[in-house]
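Laboratory data are not the source of any read-out in this text; all were calculated from the coordinates shown. What you are looking at is a predicted structure, and each value in this text was computed from that prediction instead of being measured. Ideal geometry is used to build each Cβ from the backbone, glycine not excepted, and the neighbour counts take in all protein chains shown.
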Amino acid sequence: MPANLTPQYLGADKRFREAKTSEEKIVCLQEMMALIPKHKGTEKMRADIKTRLSKLLKMKGQKSQTRHSTWYHFEKQGAGQVAVFGAPNVGKSSIVKILTNAQTEIAPYPFTTTSPIAGMLIYEDVQIQLIDTPPLAEDSPPWFFHIIRTADSSVWVIDASSDDLLETTEICIKRLKEANLYPGSIDMHSNLQNENHSLEPMINDKEREEIVVKPIYIVANKSDEPNALLGLEIIKELVPDMPIIQVSTKNGNGLEELKRRIFDSLEILRVYTKPKGKQPDLTDPVILKRGSTVFDAAKTLHKDFAAKLKYARLWDNEKFSGQMVERSHILKDKDIIEFHV
Ligand SMILES: Nc1nc2c(ncn2[C@@H]2O[C@H](COP(=O)(O)OP(=O)(O)O)[C@@H](O)[C@H]2O)c(=O)[nH]1
Ligand SMILES: [Mg+2]
C-alpha cells in the first residue's frame with residue numbers, strides 16, 4: 001500500500017536527517033509523528049518513528065510520558081488548533097486571553113510569556129484551541145516552530161503602533177523562512193493545492209516542496225493607537241501576500257471579525273444531523289473538512305452506517321428543504337442532514 005507522504009512530512013523527515021543534536025532530532029521525529037498520514041500503509045514507518053523517538057528520549061533521560069510538557073506539543077482539542085505568534089510585546093497574550101478562557105499573563109514588557117499556553121475560543125457552536133506562544137525572536141527554540149507547524153493554522157500578531165515594526169517584522173520573516181514556514185497565506189495555500197501556483201520569485205522549486213503550507217493571517221493589533229495606520233502601510237509592503245485583520249484588544253475593534261477569520265482559516269464546515277421525523281440537534285455539529293460529502297459525514301458517525309447509507313435528505317438556508325441527495329453530494333457549512341440506510 002502506498003504511504004502517500006505529504007510534502008510537509010517529507011520536509012520534517014529531511015530536517016530530521018540533517019539534525020545535529022538529539023534535541024533537534026526529537027523535535028523533528030515528533031513533527032513526523034504528527035504529520036504522517038495515519039493508515040495501514042504507514043504502520044511500519046510510524047512504529048519506526050516511535051522507536052527512534054523513545055530511544056532518543058531515553059538517552060536524554062526523559063520518559064516518553066513527560067515529553068508533551070517538556071516539548072510543548074499540545075494535543076489537539078476542539079475543531080482545530082491555531083497558533084498565535086509574533087514579536088515580543090505585540091499583544092499575543094492579550095488576544096488569546098480576550099478570545100478564550102486561558103490564564104495567560106499580560107505585561108507591558110517583552111518575554112512575559114515563557115511557555116506556550118492553550119485556551120478554547122468559542123465561535124458560535126464550535127470550540128477552537130488557541131495557543132499563546134513566547135515571542136518569535138532570533139533565538140526561538142525548535143519547539144516553537146514545531147507548534148506553528150503542527151497547528152492547523154496560525155495567526156501572526158504584529159503591533160501596528162510599534163516604532164520597531166520594520167525591524168521586528170524582518171526578524172520574524174527571516175526566522176519563519178529558515179523554518180520553512182513562510183509564505184503560507186490562505187491564497188497560497190489553495191494555489192499550492194491546485195498546483196497552479198505562482199509563488200516565484202519568492203521561493204524556488206526545492207523550497208516549495210518543504211514549505212509547510214498552512215494558512216497564516218496577520219493580525220495588526222493596537223489599532224487604537226494613533227500611529228497604527230502608518231504601521232499598517234509598512235506591514236502591507238513587507239508582507240503583501242497575507243490577509244491583514246486590524247484589531248485592538250483595548251477597544252474591542254475587529255475581534256468579532258478575527259474570530260470569524262480564525263474559524264475560516266481552519267477550512268472546516270459544520271453539519272447537523274437529524275433523526276427521521278424529529279428536529280435536528282443544533283447544539284452538537286459534526287465537524288468536517290471543507291469539500292466533504294454526505295458519505296464522509298456518515299463515516300464520522302459510524303463506519304458500518306456509512307456502508308449501509310442509501311441517500312440523505314438535506315436542509316439548508318437556500319434551496320434545500322428536505323430534498324433527497326446522493327452520498328457524493330458535497331456539503332456546506334450549517335447543512336442539516338437526515339440519513340437513510
Ligand atoms: N494600546 C494597546 N495596547 C495593547 C493592546 N493589546 C495589548 N496591549 C498592551 O501591550 C502590552 C503587551 O501585551 P501582551 O499581551 O503581554 O503581549 P505579548 O508579549 O505579545 O503576549 C501590554 O501592556 C498590553 O496591555 C491594544 O490593542 N492596544
Ligand atoms: Mg505573551
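Computed values, structure above
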read-out: Lys/Arg +1, Asp/Glu -1 at C-beta; the stretch 268-340 dipole; positive extreme among 323, 291, 307; value: 307
read-out: Residue among 45, 33, 59 with the largest mean-square fluctuation in a Gaussian network model of the chain, springs linking Cα atoms under 10 Å; value: 59
read-out: Charge dipole magnitude, Cβ of K and R +1, D and E -1 - the chain, Cα centre, debye nearest 20; value: 2020 debye
read-out: R0 of 51 Å, Cβ-Cβ distance residue 236-residue 39: FRET efficiency to nearest 0.05; value: 0.75
read-out: Cα gyration tensor shape of the stretch 7-69, rounded if a/c is under 1.5, else prolate or oblate by comparing a/b with b/c; value: oblate
read-out: Ranking of 144, 295 by count of other Cβ atoms within 10 Å, fewest first; value: 295, 144
read-out: Cα centroid separation, the stretch 1-58 to the stretch 93-107 (Å); value: 33 Å
read-out: Simple Cβ-charge dipole of the stretch 7-69, Lys/Arg +1 and Asp/Glu -1, about Cα centre, in debye nearest 20; value: 240 debye
read-out: Fully extended contour minus Cα-Cα distance, from residue 164 to residue 103, at 0.36 nm per residue; value: 19.2 nm
read-out: Relative contact order (percent, whole number), the chain, Cα cutoff 8 Å, 6+ residue spacing; value: 13 percent
read-out: Burial order of peptide ranges 152-160, 167-175, 270-278 (average beta-carbon count within 10 Å, highest first); value: 152-160, 167-175, 270-278
read-out: Rg/Rg_globular for the chain, with Rg_globular taken as 2.2 N^0.38 Å and Rg from C-alpha atoms; value: 1.07
read-out: Sequence ranges 323-331, 97-105, ranked by mean other-Cβ count within 10 angstrom, highest first; value: 97-105, 323-331
read-out: Proxy reagent accessibility, fewest Cβ within 10 Å first, across 32, 242; value: 242, 32
read-out: 11 Å reach of a label modelled at residue 24, 7 Å along Cα-to-Cβ, counting backbone N of the stretch 128-158; value: 142
read-out: Residues 311, 182 arranged by fewest to most Cβ contacts within 10 Å; value: 311, 182
read-out: Formal net charge of residues neighbouring residue 319 (Cβ-Cβ distance under 14 Å; K, R +1; D, E -1); value: 0
